[in-house]
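Below: the structure, in C-alpha cells.
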Amino acid sequence: MEAADCLVGVTTHCDLDRPAVGGWLNPALDRLADLAPDVVCTCDDLQAEIRDDLRDRGYEVVHTAPTTLAETLETFETLGRAVGRPEAGRRLEADARRRLDRIATHVDGRERPVVYCEEWSDPPMAAGNWVPDAVEVAGGTYPFVDAGDRSREVSAATVTAADPDHVVLHVCGRGDRVDPGVVADRGWDLDAAVHVVDDALLNQPSPRLLDGVETLAELLHGPLPTGR
C-alpha cells in the first residue's frame, strides 16, 4: 500500500475506504470532477470508451488492459510510474513473482486435478483472462478457456465431460456470498468438491490476484509453507 496515500477515489466495486465515483462502467463524472485527480486509472477494453471520454475532458488517463497473469504483473510497474512511485511498482512486481515461485515449488510434482472456475452463474460462464493461468500456477488443469481469452458460457455437457475434481465459484460482484448448492441444484452430474472464493481474489487484475492463486493452490494441494 505504498501509494495508498495518493488515492482520492474508487469505484463502487472497490473495497477501499475512499470516496466512490460510481460504477466501473458508469462513473459519476461530476463526482470525479469534485475530487480533481491528477491521474485516472482505467482497466480492460470494456473501459476503452470511458478512457477516451475522460481524455477528451482533459484528464490524464493511464489505461491498462492485461488479459493474462504475466501481463497483470507487468502493470504493477506501469501503475507505479503513473503515480510517481516507480520503485514501489517494481518491488510489488518482484514480490508477486517470488510468491508465484513459492507456489510453483509447493505444487511441483503433484498430480494436477481438473478445475472448473465459474465467474458468472446465470448463465454459467467459465472464467477466462488470467484465471486459466492462475489455475495452472496453482497446480491444476483448466480445459475450459485458454489463458487470455474472455470468459465464455458453458453447457452442462461441456463441464461434465471434463469431469472436474474441483468447482470454484467466484461470481462477479458477489464477494463470497454464493450458495455452493447452486451447482447441485442444476442437476449437473459432477463428483467434485465445490468451493466459494471471494470474487475480488480472482476477477481483478490486481495484487489481490496473488492472494487468489495462493488460495487456489491451498484448495488443490493443501496449506502453503509459512513465510514468503
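Results for (1) under 17 Å from residue 9 (Cβ atoms); (2) at pLDDT 95 or above, shown as yes or no for each residue.
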residue	(1), (2)
42	yes, yes
45	no, no
59	yes, yes
72	no, yes
90	no, yes
93	no, yes
103	no, yes
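Which residue pairs have Cβ atoms under 7 Å apart, sit 6 or more places apart or on different chains, and have a first residue in region 4-27 that is buried (at least 16 other Cβ atoms within 10 Å of the Cβ) and a second that is assigned to a helix (DSSP H, G or I) and of a type in the set (A, V, I, L, M, F, W, C)?
9/32; 9/35; 21/32; 21/35; 27/50
Could you list, in sequence order, the residues of region 73-88 that are part of a helix (DSSP H, G or I) and not polar (S, T, N, Q)?
73, 74, 76, 77, 79, 80, 81, 82, 86, 87, 88, listed by residue number.
Checking the structure you have, find out if any residue of region 32-52 is closer than 30 Å to residue 144 by Cβ, of a type in the set (A, V, I, L, M) and either in a strand (DSSP E or B) or touching a Pro at 6+ places or on another chain (Cβ under 6 Å) (or both).
No, region 32-52 contains no residue that is closer than 30 Å to residue 144 by Cβ, of a type in the set (A, V, I, L, M) and either in a strand (DSSP E or B) or touching a Pro at 6+ places or on another chain (Cβ under 6 Å) (or both).
Does residue 136 fit the bill of being within 30 Å of residue 80 (Cβ to Cβ), open to solvent by 60 Å² or more (accessible area, probe 1.4 Å) and either free of Cβ contacts under 8 Å to residues at least 12 places away in the same chain or not in a helix (DSSP H, G or I) (or both)?
Yes; evaluated as a whole, the condition is true for this residue.
Within region 89-132, which residues are in a helix (DSSP H, G or I), among the charged types (D, E, K, R) and open to solvent by 40 Å² or more (accessible area, probe 1.4 Å)?
If the condition is that a residue be in a helix (DSSP H, G or I), among the charged types (D, E, K, R) and open to solvent by 40 Å² or more (accessible area, probe 1.4 Å), then 90, 91, 95, 97, 98, 101, 102 are the ones that fit.
Show the residue pairs meeting these rules: Cβ distance below 6 Å; 6+ apart or different chains; first residue within region 117-133 and in contact (Cβ under 8 Å) with a residue 40 or more places away in the chain; second residue in a strand (DSSP E or B) and open to solvent by 20 Å² or more (accessible area, probe 1.4 Å).
118/124; 119/125; 127/119
Would you confirm whether or not region 168-178 contains a residue that is open to solvent by less than 50 Å² (accessible area, probe 1.4 Å), in contact with a Pro (Cβ under 7 Å, 6 or more places away or on another chain) and of a type outside the set (A, V, I, L, M, F, W, C)?
Looking for residues that are open to solvent by less than 50 Å² (accessible area, probe 1.4 Å), in contact with a Pro (Cβ under 7 Å, 6 or more places away or on another chain) and of a type outside the set (A, V, I, L, M, F, W, C), one finds none in region 168-178, hence no.
The values are calculated or read from the model by the stated rules, or taken from the named source; none is laboratory data. None of these values were measured; they are calculated from a predicted model. Note that we place each Cβ from the backbone using ideal geometry, even for glycine, and neighbour counts take in every protein chain shown. Accessible surface areas use protein heavy atoms only, side chains included; no ligands, DNA or RNA. Shrake-Rupley method; radii C 1.70, N 1.55, O 1.52, S 1.80 Å.
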